[in-house]
1. Could you please find all residues in the stretch 114-130 being open to solvent by less than 80 Å² (accessible area, probe 1.4 Å), modelled with pLDDT under 90 and in a loop (DSSP other than H, G, I, E, B)?
2. With respect to SER62, is the statement that it is closer than 30 Å to ILE116 by Cα, open to solvent by less than 90 Å² (accessible area, probe 1.4 Å) and at pLDDT below 95 true?
3. Could you grab me the full set of residues in the stretch 83-113 that are within 18 Å of ASN67 (Cβ to Cβ) and open to solvent by 100 Å² or more (accessible area, probe 1.4 Å)?
4. Determine which single condition ARG49 fails, assuming it passes every other condition in (1) among the basic types (Lys, Arg); (2) within 26 Å of GLU5 (Cα to Cα); (3) modelled with pLDDT under 90.
5. Identify all residues within the stretch 98-113 that are out of contact with any strand residue (DSSP E or B) (no Cβ under 7 Å at 6 or more places or on another chain) and part of a helix (DSSP H, G or I); write none if there are none.
6. Counting just the residues of the stretch 70-82 that are open to solvent by 80 Å² or more (accessible area, probe 1.4 Å) and at pLDDT 75 or above, which one comes out nearest to the chain's Cα centre (by Cα)?
Amino acid sequence: NVITESLAKSLYIEPHDSHLQFSATDEKKLGCVREVQVNVLSRYSDFKRTISCQIASTLHASIPYRNIDFKNYEEMPKVFLADPKFYQKFRIDMIIGAEVTKQSFLKNSHKLTNGIFFQETSFGWVVAGTCHDKHPPKEQ
């Protein structure tokens, strides 16, 4: 689990030293880092967990990498989305690891004919898959 320094500060969470060792691809050890305890609560269900998150100065990614036009997806189910603006490019401030993610998955799912997949979780429905635009942006 990873949280950005700015999100941890905005939540007024006090960090403490962590003695976890991380190895980069070149096998350099990245030593004593800071971590926080975060209470993760759902707006959709009674799901809640306290997780340890390593603090990163920033996460260098946005998901999706550009805005997606979802107006023409008539078959999109009318469900409570975990991220109601999933189609808009936005920075990532927290990554929840596989252990908590797996615990949050529920049994319902829905696949659109174009391959987009909806999965119900304890946080609401999440969207996955590859979106193919009819008119992709021009290369610059």
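The values are calculated or read from the model by the stated rules, or taken from the named source; none is laboratory data. Predicted, not measured: the structure shown is a model, and the values here were computed from it. All Cβ positions, glycine included, derive from the backbone under ideal geometry; neighbour counts span all protein chains shown. Just the protein is used for accessible areas: all its heavy atoms, side chains included, with ligands, DNA and RNA removed. Shrake-Rupley method; radii C 1.70, N 1.55, O 1.52, S 1.80 Å.
1. If the condition is that a residue be open to solvent by less than 80 Å² (accessible area, probe 1.4 Å), modelled with pLDDT under 90 and in a loop (DSSP other than H, G, I, E, B), then ASN114, GLY115, ILE116, GLY129 are the ones that fit.
2. Details: closer than 30 Å to ILE116 by Cα: yes; open to solvent by less than 90 Å² (accessible area, probe 1.4 Å): yes; at pLDDT below 95: yes.
So SER62 passes the test.
3. Here is the first cut: in the stretch 83-113, the residues within 18 Å of ASN67 (Cβ to Cβ) are 83-92.
Result: LYS85, LYS89, PHE90, ARG91.
4. (3)
5. ALA98, GLU99, THR101, LYS102, GLN103
6. The extreme case among them is PHE80.
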